[in-house]
Amino acid sequence: MREIGPWLLAALRVWIGALCLLPVVLLTRRPPRLDASRARDLAFAAVVNFSLPYVLIPWGELSISTGQASILNATLPFFTVLVGLLAWGRGRGLS
């Protein structure tokens, strides 16, 4: 069986997610509302919360076991909050 690399796996995960959401967009007949003033925040969230884990977790599994990778993956919400606090601080809506 041929193996796929972490970059291809990440791309496949994103494409499968997009294909699953496409019927929702088509059935609601409303274009997604993107606020240009929040584009920087959305780009940051996309990189930190989605792109990096989708690539780094499969890449890391080349060196560690799947069990260790699942434990590290379970810490993702904690680190998301930590990055949010560091990036935006407590005074900007985070209590």
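Every number here is computed from the coordinates shown, using simple stated rules; none is lab data. Note that the structure is a prediction, hence the values are computed from the model and not measured. Positions of Cβ are generated from backbone atoms using ideal geometry, with glycine treated the same way; all protein chains shown enter the neighbour counts.
Quick look at the values:
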{"read-out": "Share of Cα-Cα pairs in the chain lying beyond 20 Å, as whole percent", "value": "55 percent"}
{"read-out": "Efficiency of FRET from Cβ geometry, L62 and W15, R₀ 22 Å, rounded to 0.05", "value": "0.50"}
{"read-out": "Spin-label pair V48/I71, simplified geometry with 7 Å Cα→Cβ offset, distance in nm", "value": "2.6 nm"}
{"read-out": "Cβ charges +1 (Lys, Arg) and -1 (Asp, Glu), total dipole of region 6-88, debye", "value": "380 debye"}
{"read-out": "³J(HN,Hα), Karplus 6.51/-1.76/1.60, whole Hz, each residue of region 51-60, x for Gly, Pro", "value": "5, 4, x, 5, 9, 6, 5, x, 5, x"}
